[in-house]
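Input: a single structure, listed below in C-alpha coordinates.
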Protein chains: 2
Amino acid sequence: MNTTDTLKITGAPGTQNIEMTREFNATREQLLAAHTDPDLYAQWVGPDDYEMTINQFEPHHGGGYSFTHRNPEGNEFSFRGVFHGDPTVEGFSQTFEYLGTPGDVFFERFWFEDLGNGRTLLRGVSTAGSEEARDAMMEAMVDGVVDGYAKLDALLESL
Amino acid sequence: MNTTDTLKITGAPGTQNIEMTREFNATREQLLAAHTDPDLYAQWVGPDDYEMTINQFEPHHGGGYSFTHRNPEGNEFSFRGVFHGDPTVEGFSQTFEYLGTPGDVFFERFWFEDLGNGRTLLRGVSTAGSEEARDAMMEAMVDGVVDGYAKLDALLESL
(Lines give C-alpha, C1' and ligand atoms only; values in the text may rest on other atoms or scores of the structure.)
Protein backbone atom coordinates (compact mmCIF):
# COMPACT_ATOMS: atom_id res chain seq x y z
CA MET A 1 0.00 0.00 0.00
CA ASN A 2 1.24 3.47 -0.94
CA THR A 3 -0.08 6.37 1.12
CA THR A 4 0.49 10.03 0.37
CA ASP A 5 -1.79 12.41 2.21
CA THR A 6 -5.12 10.60 2.02
CA LEU A 7 -4.24 8.50 -1.04
CA LYS A 8 -4.44 4.73 -0.64
CA ILE A 9 -3.68 2.36 -3.50
CA THR A 10 -3.81 -1.42 -3.04
CA GLY A 11 -3.58 -4.43 -5.31
CA ALA A 12 -4.73 -7.30 -3.15
CA PRO A 13 -3.03 -10.63 -3.95
CA GLY A 14 -5.39 -13.06 -5.66
CA THR A 15 -7.38 -10.28 -7.31
CA GLN A 16 -7.05 -8.47 -10.65
CA ASN A 17 -8.02 -5.11 -9.15
CA ILE A 18 -6.23 -1.90 -8.29
CA GLU A 19 -8.32 -0.31 -5.50
CA MET A 20 -7.83 3.34 -4.70
CA THR A 21 -9.29 5.99 -2.40
CA ARG A 22 -8.40 9.67 -2.15
CA GLU A 23 -10.15 12.55 -0.30
CA PHE A 24 -10.58 16.01 -1.83
CA ASN A 25 -11.60 19.42 -0.50
CA ALA A 26 -14.27 19.70 -3.15
CA THR A 27 -17.88 18.81 -3.88
CA ARG A 28 -18.98 15.86 -6.01
CA GLU A 29 -20.02 18.36 -8.71
CA GLN A 30 -16.47 19.78 -8.77
CA LEU A 31 -14.92 16.30 -8.94
CA LEU A 32 -17.26 15.40 -11.80
CA ALA A 33 -16.27 18.56 -13.68
CA ALA A 34 -12.56 17.83 -13.14
CA HIS A 35 -13.05 14.38 -14.72
CA THR A 36 -15.37 15.35 -17.61
CA ASP A 37 -14.34 18.87 -18.72
CA PRO A 38 -11.36 18.38 -21.06
CA ASP A 39 -9.94 21.82 -20.24
CA LEU A 40 -9.83 20.89 -16.54
CA TYR A 41 -8.80 17.25 -17.13
CA ALA A 42 -5.75 18.31 -19.14
CA GLN A 43 -4.52 20.42 -16.20
CA TRP A 44 -4.09 17.65 -13.66
CA VAL A 45 -3.87 14.12 -15.11
CA GLY A 46 -0.45 12.48 -15.08
CA PRO A 47 3.04 12.94 -13.66
CA ASP A 48 4.56 16.35 -12.95
CA ASP A 49 6.42 17.96 -15.85
CA TYR A 50 4.63 15.83 -18.47
CA GLU A 51 2.93 17.63 -21.34
CA MET A 52 -0.66 16.49 -21.83
CA THR A 53 -2.41 16.48 -25.21
CA ILE A 54 -6.04 15.40 -25.41
CA ASN A 55 -6.94 13.99 -28.81
CA GLN A 56 -10.53 12.92 -28.07
CA PHE A 57 -12.77 13.43 -25.05
CA GLU A 58 -16.46 12.51 -25.19
CA PRO A 59 -17.64 11.81 -21.62
CA HIS A 60 -20.90 9.97 -22.30
CA HIS A 61 -21.99 6.34 -22.80
CA GLY A 62 -20.12 5.09 -25.86
CA GLY A 63 -17.96 8.19 -26.13
CA GLY A 64 -14.25 7.73 -26.55
CA TYR A 65 -11.25 9.49 -25.08
CA SER A 66 -7.56 9.48 -25.94
CA PHE A 67 -4.61 11.51 -24.76
CA THR A 68 -0.83 11.56 -24.99
CA HIS A 69 1.68 12.33 -22.23
CA ARG A 70 5.09 13.63 -23.30
CA ASN A 71 7.88 13.60 -20.72
CA PRO A 72 10.73 16.15 -20.55
CA GLU A 73 12.96 13.76 -22.56
CA GLY A 74 10.39 13.77 -25.37
CA ASN A 75 9.10 10.24 -24.89
CA GLU A 76 5.38 9.86 -25.57
CA PHE A 77 2.86 7.66 -23.77
CA SER A 78 -0.60 7.34 -25.30
CA PHE A 79 -3.82 6.09 -23.73
CA ARG A 80 -7.35 5.48 -24.93
CA GLY A 81 -10.69 4.19 -23.75
CA VAL A 82 -14.45 4.48 -23.97
CA PHE A 83 -17.02 5.52 -21.39
CA HIS A 84 -19.54 2.92 -20.23
CA GLY A 85 -22.63 4.74 -18.94
CA ASP A 86 -23.03 8.49 -18.59
CA PRO A 87 -20.86 10.16 -15.91
CA THR A 88 -22.89 11.66 -13.04
CA VAL A 89 -22.20 13.08 -9.56
CA GLU A 90 -22.35 9.44 -8.40
CA GLY A 91 -19.30 8.54 -10.54
CA PHE A 92 -18.39 7.07 -13.91
CA SER A 93 -16.96 3.98 -15.64
CA GLN A 94 -14.60 3.56 -18.58
CA THR A 95 -12.19 1.26 -20.33
CA PHE A 96 -8.50 2.20 -20.16
CA GLU A 97 -5.67 1.03 -22.42
CA TYR A 98 -2.04 2.12 -22.46
CA LEU A 99 -1.09 1.83 -26.12
CA GLY A 100 2.44 0.76 -25.14
CA THR A 101 0.89 -2.58 -24.05
CA PRO A 102 -1.97 -2.88 -26.53
CA GLY A 103 -4.67 -5.35 -25.59
CA ASP A 104 -4.09 -5.01 -21.83
CA VAL A 105 -7.39 -3.23 -21.32
CA PHE A 106 -8.64 -2.28 -17.85
CA PHE A 107 -12.23 -1.61 -16.84
CA GLU A 108 -12.36 1.23 -14.34
CA ARG A 109 -15.13 2.32 -11.98
CA PHE A 110 -14.93 5.59 -10.04
CA TRP A 111 -17.34 6.73 -7.34
CA PHE A 112 -17.71 10.24 -5.86
CA GLU A 113 -18.85 9.88 -2.22
CA ASP A 114 -20.04 12.94 -0.31
CA LEU A 115 -18.19 13.23 3.04
CA GLY A 116 -20.00 16.44 4.07
CA ASN A 117 -18.35 19.81 4.79
CA GLY A 118 -17.55 20.19 1.10
CA ARG A 119 -15.33 17.13 1.04
CA THR A 120 -15.59 14.16 -1.33
CA LEU A 121 -14.08 10.69 -1.31
CA LEU A 122 -12.95 9.49 -4.73
CA ARG A 123 -13.02 5.70 -4.82
CA GLY A 124 -11.73 3.73 -7.80
CA VAL A 125 -11.49 0.09 -8.84
CA SER A 126 -9.49 -0.75 -11.99
CA THR A 127 -9.79 -4.35 -13.16
CA ALA A 128 -7.17 -6.01 -15.37
CA GLY A 129 -7.49 -9.16 -17.45
CA SER A 130 -4.93 -10.90 -15.24
CA GLU A 131 -3.16 -10.40 -11.91
CA GLU A 132 0.14 -9.96 -13.82
CA ALA A 133 -1.26 -7.15 -15.97
CA ARG A 134 -2.65 -5.53 -12.82
CA ASP A 135 0.76 -5.67 -11.08
CA ALA A 136 2.56 -4.19 -14.09
CA MET A 137 0.13 -1.28 -14.41
CA MET A 138 0.14 -0.55 -10.67
CA GLU A 139 3.93 -0.37 -10.62
CA ALA A 140 3.91 1.98 -13.62
CA MET A 141 1.12 4.30 -12.54
CA VAL A 142 1.59 5.04 -8.83
CA ASP A 143 3.88 8.07 -9.20
CA GLY A 144 1.63 9.61 -11.83
CA VAL A 145 -1.43 9.16 -9.63
CA VAL A 146 0.30 10.77 -6.63
CA ASP A 147 1.42 13.73 -8.78
CA GLY A 148 -1.91 14.02 -10.59
CA TYR A 149 -4.04 14.19 -7.46
CA ALA A 150 -1.71 16.81 -5.93
CA LYS A 151 -2.25 18.90 -9.09
CA LEU A 152 -5.99 18.26 -8.79
CA ASP A 153 -5.94 19.55 -5.19
CA ALA A 154 -4.45 22.83 -6.44
CA LEU A 155 -6.84 23.04 -9.39
CA LEU A 156 -9.90 22.47 -7.18
CA GLU A 157 -8.71 25.18 -4.79
CA SER A 158 -8.48 27.64 -7.69
CA LEU A 159 -12.01 26.93 -9.01
CA MET B 1 -16.11 -27.11 -16.49
CA ASN B 2 -19.10 -27.49 -18.79
CA THR B 3 -18.48 -29.20 -22.12
CA THR B 4 -20.96 -29.51 -24.94
CA ASP B 5 -19.50 -30.50 -28.28
CA THR B 6 -16.29 -28.46 -28.35
CA LEU B 7 -17.47 -25.81 -25.87
CA LYS B 8 -15.35 -25.35 -22.75
CA ILE B 9 -16.24 -22.76 -20.11
CA THR B 10 -14.17 -22.35 -16.96
CA GLY B 11 -14.07 -19.91 -14.08
CA ALA B 12 -10.80 -20.69 -12.33
CA PRO B 13 -10.88 -20.14 -8.54
CA GLY B 14 -8.88 -17.09 -7.52
CA THR B 15 -9.57 -15.27 -10.80
CA GLN B 16 -12.32 -12.91 -11.93
CA ASN B 17 -12.43 -14.41 -15.43
CA ILE B 18 -14.80 -16.61 -17.36
CA GLU B 19 -12.63 -18.34 -19.98
CA MET B 20 -14.28 -19.99 -22.94
CA THR B 21 -13.31 -21.79 -26.14
CA ARG B 22 -15.54 -23.15 -28.90
CA GLU B 23 -14.68 -24.49 -32.38
CA PHE B 24 -16.74 -23.66 -35.45
CA ASN B 25 -16.93 -24.99 -39.01
CA ALA B 26 -16.43 -21.50 -40.39
CA THR B 27 -13.77 -19.01 -41.37
CA ARG B 28 -12.66 -16.09 -39.23
CA GLU B 29 -14.43 -13.78 -41.69
CA GLN B 30 -17.70 -15.65 -41.14
CA LEU B 31 -17.28 -15.55 -37.34
CA LEU B 32 -16.60 -11.81 -37.53
CA ALA B 33 -19.75 -11.28 -39.60
CA ALA B 34 -21.84 -13.34 -37.16
CA HIS B 35 -20.66 -11.06 -34.31
CA THR B 36 -20.89 -7.68 -36.09
CA ASP B 37 -23.83 -7.90 -38.53
CA PRO B 38 -26.93 -7.18 -36.44
CA ASP B 39 -29.18 -9.22 -38.75
CA LEU B 40 -26.97 -12.28 -38.17
CA TYR B 41 -26.31 -11.53 -34.48
CA ALA B 42 -30.04 -11.44 -33.70
CA GLN B 43 -30.44 -14.96 -35.13
CA TRP B 44 -28.18 -16.83 -32.73
CA VAL B 45 -27.42 -14.98 -29.46
CA GLY B 46 -29.13 -16.28 -26.32
CA PRO B 47 -31.17 -19.22 -25.10
CA ASP B 48 -33.52 -21.21 -27.33
CA ASP B 49 -37.08 -19.91 -27.56
CA TYR B 50 -36.12 -16.38 -26.43
CA GLU B 51 -37.18 -13.48 -28.61
CA MET B 52 -34.26 -11.14 -29.39
CA THR B 53 -34.69 -7.41 -30.00
CA ILE B 54 -31.63 -5.33 -30.88
CA ASN B 55 -32.02 -1.69 -29.84
CA GLN B 56 -28.54 -0.45 -30.78
CA PHE B 57 -25.62 -2.11 -32.58
CA GLU B 58 -22.57 -0.07 -33.62
CA PRO B 59 -19.60 -2.47 -33.87
CA HIS B 60 -16.71 0.00 -33.87
CA HIS B 61 -14.46 1.65 -31.24
CA GLY B 62 -16.78 3.67 -29.00
CA GLY B 63 -19.92 2.27 -30.57
CA GLY B 64 -22.65 0.98 -28.28
CA TYR B 65 -24.91 -2.02 -28.41
CA SER B 66 -28.01 -3.00 -26.49
CA PHE B 67 -30.53 -5.79 -26.84
CA THR B 68 -33.41 -7.39 -24.98
CA HIS B 69 -34.22 -11.08 -24.61
CA ARG B 70 -37.84 -12.02 -23.92
CA ASN B 71 -38.57 -15.53 -22.70
CA PRO B 72 -41.74 -17.51 -23.49
CA GLU B 73 -43.27 -16.36 -20.16
CA GLY B 74 -42.82 -12.74 -21.26
CA ASN B 75 -39.99 -11.85 -18.88
CA GLU B 76 -37.45 -9.46 -20.36
CA PHE B 77 -33.67 -9.38 -19.86
CA SER B 78 -31.77 -6.39 -21.21
CA PHE B 79 -28.04 -5.99 -21.86
CA ARG B 80 -25.78 -3.17 -23.01
CA GLY B 81 -22.15 -2.39 -23.66
CA VAL B 82 -19.66 -0.49 -25.79
CA PHE B 83 -16.99 -1.72 -28.18
CA HIS B 84 -13.35 -1.02 -27.28
CA GLY B 85 -11.30 -1.05 -30.48
CA ASP B 86 -12.59 -1.90 -33.94
CA PRO B 87 -13.60 -5.55 -34.50
CA THR B 88 -11.38 -7.38 -37.03
CA VAL B 89 -10.80 -10.98 -38.16
CA GLU B 90 -8.41 -11.19 -35.18
CA GLY B 91 -11.27 -10.59 -32.74
CA PHE B 92 -12.95 -7.83 -30.76
CA SER B 93 -13.44 -6.41 -27.24
CA GLN B 94 -16.42 -4.89 -25.48
CA THR B 95 -17.99 -4.05 -22.16
CA PHE B 96 -21.03 -6.11 -21.13
CA GLU B 97 -23.67 -5.26 -18.53
CA TYR B 98 -26.85 -7.13 -17.65
CA LEU B 99 -29.24 -4.37 -16.64
CA GLY B 100 -30.82 -6.65 -14.02
CA THR B 101 -27.60 -6.22 -12.02
CA PRO B 102 -26.61 -2.67 -12.99
CA GLY B 103 -23.02 -1.75 -12.28
CA ASP B 104 -21.70 -5.32 -12.57
CA VAL B 105 -19.87 -4.56 -15.81
CA PHE B 106 -17.68 -7.16 -17.51
CA PHE B 107 -14.85 -6.49 -19.96
CA GLU B 108 -14.83 -9.14 -22.67
CA ARG B 109 -12.14 -10.10 -25.16
CA PHE B 110 -12.84 -12.49 -28.05
CA TRP B 111 -10.27 -13.92 -30.43
CA PHE B 112 -10.88 -15.72 -33.75
CA GLU B 113 -8.06 -18.23 -34.28
CA ASP B 114 -7.65 -19.93 -37.67
CA LEU B 115 -7.45 -23.73 -37.23
CA GLY B 116 -7.11 -24.42 -40.99
CA ASN B 117 -9.51 -26.46 -43.13
CA GLY B 118 -12.15 -23.74 -42.78
CA ARG B 119 -12.35 -24.12 -39.01
CA THR B 120 -11.97 -21.38 -36.41
CA LEU B 121 -11.45 -21.41 -32.67
CA LEU B 122 -13.43 -18.76 -30.81
CA ARG B 123 -11.66 -17.91 -27.56
CA GLY B 124 -13.19 -15.55 -25.00
CA VAL B 125 -12.18 -14.07 -21.65
CA SER B 126 -14.82 -12.13 -19.71
CA THR B 127 -13.51 -10.27 -16.67
CA ALA B 128 -15.75 -9.26 -13.75
CA GLY B 129 -15.10 -6.69 -11.04
CA SER B 130 -15.03 -9.47 -8.42
CA GLU B 131 -14.88 -13.25 -8.23
CA GLU B 132 -18.44 -13.25 -6.81
CA ALA B 133 -19.82 -11.28 -9.77
CA ARG B 134 -17.99 -13.66 -12.09
CA ASP B 135 -19.53 -16.73 -10.41
CA ALA B 136 -23.05 -15.27 -10.55
CA MET B 137 -22.80 -14.43 -14.26
CA MET B 138 -21.28 -17.79 -15.17
CA GLU B 139 -24.09 -19.65 -13.41
CA ALA B 140 -26.67 -17.52 -15.23
CA MET B 141 -25.18 -17.58 -18.71
CA VAL B 142 -24.02 -21.15 -19.39
CA ASP B 143 -27.28 -22.50 -20.82
CA GLY B 144 -27.67 -19.48 -23.08
CA VAL B 145 -24.13 -19.86 -24.39
CA VAL B 146 -24.64 -23.57 -25.14
CA ASP B 147 -27.92 -22.83 -26.97
CA GLY B 148 -26.53 -19.77 -28.74
CA TYR B 149 -23.49 -21.50 -30.19
CA ALA B 150 -25.64 -24.42 -31.40
CA LYS B 151 -27.81 -21.87 -33.23
CA LEU B 152 -24.63 -20.24 -34.57
CA ASP B 153 -23.46 -23.63 -35.94
CA ALA B 154 -26.71 -23.88 -37.92
CA LEU B 155 -26.54 -20.28 -39.08
CA LEU B 156 -22.94 -20.63 -40.28
CA GLU B 157 -23.87 -23.77 -42.21
CA SER B 158 -26.62 -21.85 -44.01
CA LEU B 159 -24.40 -18.93 -45.05
Based on what the data block shows, is A:Leu121 within 24 Å of A:Ala12 (Cβ to Cβ) and out of contact with any helix residue (DSSP H, G or I) (no Cβ under 8 Å at 6 or more places or on another chain)?
-> yes
Among (1) in a strand (DSSP E or B); (2) open to solvent by less than 60 Å² (accessible area, probe 1.4 Å); (3) over 12 Å from A:Ile18 (Cα atoms), where does A:Leu115 come up short?
-> (2)
Name the residue, out of B:Thr15, B:Thr36, B:Thr88, that is away from every other protein chain (no Cβ under 14 Å) and open to solvent by 20 Å² or more (accessible area, probe 1.4 Å).
-> B:Thr36
Any idea which residue in the range A:121-159 is surrounded by the fewest Cβ atoms within 10 Å (Cβ to Cβ), counting only those that are within 12 Å of chain B (Cβ to nearest Cβ) and charged (D, E, K, R)?
-> A:Glu132
So which residues in the range A:69-78 are more than 21 Å from A:Met137 (Cβ to Cβ) and open to solvent by less than 50 Å² (accessible area, probe 1.4 Å), if there are any at all?
-> A:Gly74
In the range A:1-44, what residues are of a type in the set (Phe, Trp, Tyr) and in contact with a strand residue (DSSP E or B) (Cβ under 8 Å, 6 or more places away or on another chain)?
-> A:Phe24, A:Tyr41
Could you say whether any residue in the range A:79-89 is of a type outside the set (Lys, Arg), touching a residue at least 60 places away in the same chain (Cβ under 8 Å) and touching a helix residue (DSSP H, G or I) at 6+ places or on another chain (Cβ under 9 Å)?
-> yes
Only one residue in B:Thr95, B:Thr120 is in contact with a strand residue (DSSP E or B) (Cβ under 8 Å, 6 or more places away or on another chain), free of Cβ contacts under 8 Å to residues at least 40 places away in the same chain, under 18 Å from B:Tyr41 (Cα atoms) and hydroxyl-bearing (Ser, Thr, Tyr), so which one is that?
-> B:Thr95
Within the range B:18-33, which residues are surrounded by 15 or more Cβ atoms within 10 Å (Cβ to Cβ) and not charged (D, E, K, R)?
-> B:Ile18, B:Met20, B:Thr21, B:Phe24, B:Ala26, B:Thr27, B:Gln30, B:Leu31, B:Leu32, B:Ala33
Does at least one position in the range A:75-89 carry a residue that is over 19 Å from A:Phe110 (Cβ atoms), in contact with an Asp or Glu (Cβ under 8 Å, 6 or more places away or on another chain) and not basic (Lys, Arg)?
-> no
Kindly list the number of the only condition in (1) in contact with a His (Cβ under 6 Å, 6 or more places away or on another chain); (2) within 14 Å of chain B (Cβ to nearest Cβ); (3) hydroxyl-bearing (Ser, Thr, Tyr) that fails for A:Tyr50.
-> (2)
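Residues are listed down the side, and each one gets a yes or a no for (1) closer than 20 Å to B:Gly63 by Cβ; (2) surrounded by fewer than 16 Cβ atoms within 10 Å (Cβ to Cβ):
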{"site": "A:Leu40", "(1), (2)": "no, no"}
{"site": "A:Trp44", "(1), (2)": "no, no"}
{"site": "A:Pro47", "(1), (2)": "no, no"}
{"site": "A:Ile54", "(1), (2)": "no, yes"}
{"site": "A:Pro59", "(1), (2)": "yes, no"}
{"site": "A:Phe67", "(1), (2)": "no, no"}
{"site": "A:Arg80", "(1), (2)": "yes, no"}
{"site": "A:Thr101", "(1), (2)": "no, yes"}
{"site": "A:Arg109", "(1), (2)": "no, no"}
Filtered residue count, the range B:18-33, keeping only those that are within 14 Å of chain A (Cβ to nearest Cβ) and β-branched (Val, Ile, Thr) | 1
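The values are calculated or read from the model by the stated rules, or taken from the named source; none is laboratory data. Keep in mind the model is a prediction, meaning the values are calculated, not measured. Glycine also receives a Cβ, built like all others from the backbone with ideal geometry; neighbour counts cover every protein chain displayed. When the accessible area is computed, the model is the full protein with side chains, heavy atoms only, and any ligands, DNA or RNA have been set aside. Shrake-Rupley method; radii C 1.70, N 1.55, O 1.52, S 1.80 Å.
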